[in-house]
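A.B. asks: Below you will find the structure I want to go over with you.
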């Protein structure tokens, strides 16, 4: 279940993630479902998903680095979840 937050500090929408980091919605959803990125919900935002921008940037950099070394996403997810 997504974390529910009341603050907007450091929070960006799914659309902003897609645009800022040049990834597709499909990739964003795949990474979220795989546990590589953690979505949060802002109070009063309905079902819209948001992300902590510092976490997204850090995790996307780690994902790219580890994918470049040949690690599958399943292993990357375990590695990222052990660092949080």
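The values are calculated or read from the model by the stated rules, or taken from the named source; none is laboratory data. Remember, it's a predicted structure, so these values are computed and weren't measured experimentally. Cβ: placed from backbone, ideal geometry, glycine included. Neighbour counts: every protein chain shown.
A.B. asks: Taking the criterion of being surrounded by 14 or more Cβ atoms within 10 Å (Cβ to Cβ) and modelled with pLDDT under 90, would at least one residue in segment 21-33 satisfy it?
C.D. replies: So far as segment 21-33 goes, no, none of its residues is surrounded by 14 or more Cβ atoms within 10 Å (Cβ to Cβ) and modelled with pLDDT under 90.
A.B. asks: Modelled with pLDDT of 90 or more, surrounded by fewer than 16 Cβ atoms within 10 Å (Cβ to Cβ) and within 11 Å of the chain's Cα centre (by Cα) - does that describe any residue in segment 2-16?
C.D. replies: Yes; the residues of segment 2-16 include at least one that is modelled with pLDDT of 90 or more, surrounded by fewer than 16 Cβ atoms within 10 Å (Cβ to Cβ) and within 11 Å of the chain's Cα centre (by Cα).
A.B. asks: If I ask for residues that are surrounded by 11 or more Cβ atoms within 10 Å (Cβ to Cβ) and either in a helix (DSSP H, G or I) or touching a helix residue (DSSP H, G or I) at 6+ places or on another chain (Cβ under 9 Å) (or both), which ones from segment 52-63 would you list?
C.D. replies: Across segment 52-63, the qualifying residues are 53, 55, 56, 57, 58, 59, 60, 61, 62, 63.
A.B. asks: Any idea which of 58, 46 is at pLDDT 90 or above and out of contact with any strand residue (DSSP E or B) (no Cβ under 8 Å at 6 or more places or on another chain)?
C.D. replies: On the way: 46 fails: at pLDDT 90 or above.
Step by step, each of 58, 46 is checked, and only 58 is at pLDDT 90 or above and out of contact with any strand residue (DSSP E or B) (no Cβ under 8 Å at 6 or more places or on another chain).
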